[in-house]
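The values are calculated or read from the model by the stated rules, or taken from the named source; none is laboratory data. Note that the structure is predicted; figures quoted are calculated from it, not measured. Cβ: placed from backbone, ideal geometry, glycine included. Neighbour counts: every protein chain shown.
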Amino acid sequence: MKKTIILLILVSFCGGTTESGSATSADVSVEANEVTPEAKNENDQEQVESKETSDEETTLADEETTTTSVSESKILWGLTDAKPEVYAAADVSQTTVDLTVEWVNKAIGHWGSYGPLEIWIVGTGKEETIALDEKWCDVRTEKDPTWNKQWDCANGDPYESGDGWSPFYRYITDGGAAVSNYIRDDIGYYFNALIMSSKYPGPEEEDYKPVVMHEYFHVYQQANLSIPELPDTDGDWRTSNRNVYFNGFELQVPFLMEGGAEYMAQYWYSMEPGVDAGYLKRVMEYKAEAIKPYFNTGKSLRELGYDEEFNSYDILTWFVAYLVHNTSEETFRIDFWTQIEDLGFEEAFKSNFGKSVDEMIAEFDTWVAQPIDVLLEIIP
């Protein structure tokens, strides 16, 4: 069944085991308190508090916050004071909830508070995930009376026959993480859904932390573009007018969306207290294994898809590292990304990096063909 959402799926190649902890209710709703953008580290960053609520309670803002109407909600997109909302399946432990909230909190501290944002954490059990599907539909219809329950809530039988859809069914088997950005003319409430699963990577793995940051960076990226996604006209859910602003053409490809999210996540994670000094170089050395298969494709970086025979994210991460090295992290993250809507993708790129996209890719292709020791010299 066709879905009209944008899925930005992080493919993890790390193995992991599922968490054995249990939650205390059929579904856990946790309210995440606001973290101010000025908070920069563990000492001065206001930590997100999490608390369980009953099924009847919603995780909207606190009692002092007035209820927002549908018409008012529709314009909430971008920088926001609204608190993230966290929903977890019953087989997700409070420890995992707290860990996830902590690293979203850190990302907010680094890059600012964007949204509206919902965080959904999936476990490994079928029944618990079905209950989370139902919670999703309850939240959707409560916030947006125009929500299409037939198509945008769980339907059919995705868990057994595979004929159907639900927001979370694939995560209990495939694992991984994603962000879905709902900014469409046919809905009455715009929001980002950040989804974490319990494996590939699992919360016991170090990778889980930068993956949470990677996904939040997608929230930052998408929130800097206020143009709604237009209705699908060609039958291909991957095509969107918003994609033009992120890669120059309508088809969804990883390019700077994934390369940017991955490098920003790894770059900022490497500076966290307790992360050893060689972390980022080790990560980038591993990602350099994608260089040869990239050249073998004969494709441009901006043509690489999500389904290449190698992890396209890795070579794209190197491209962003190259851009950052030749300018600055702030040029990529702030100047370039916040100018895309006003200038368009191509012009914003040239304005900040001094060359057209294709010229820079050609320059990068020459540079990245060098020995790995030379490449690692640009990694801080």
Discussion item. Looking only at the stretch 133-153, filter to residues that are under 12 Å from Glu118 (Cβ atoms) and free of Cβ contacts under 8 Å to residues at least 60 places away in the same chain; which one of those is nearest to the chain's Cα centre (by Cα)?
Written reply: Trp136
Practice prompt. Considering each residue of the stretch 116-133, count those that are in contact with a strand residue (DSSP E or B) (Cβ under 6 Å, 6 or more places away or on another chain) and of a type in the set (Gly, Ala, Ser), and give that number.
Written response: 2
Discussion item. Taking the criterion of being outside the structural domain of His214 (by TED's automatic domain parsing), polar (S, T, N, Q) and in a helix (DSSP H, G or I), would at least one residue in the stretch 249-258 satisfy it?
Written reply: no
Worksheet item: Going by the structure shown, is Phe217 assigned to a helix (DSSP H, G or I), of a type in the set (A, V, I, L, M, F, W, C) and surrounded by 21 or more Cβ atoms within 10 Å (Cβ to Cβ)?
Response: yes
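So which of Tyr169, Tyr200 ends up being on the phi > 0 side of the Ramachandran plot, modelled with pLDDT of 95 or more and assigned to a loop (DSSP other than H, G, I, E, B)?
None of the other options fit; the residue is Tyr200.
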Discussion item. Let me confirm something: among Val139, Val86, Val104, which residue is of a type in the set (Val, Ile, Thr), outside any helix (DSSP H, G or I) and at pLDDT 90 or above?
Written reply: Val86
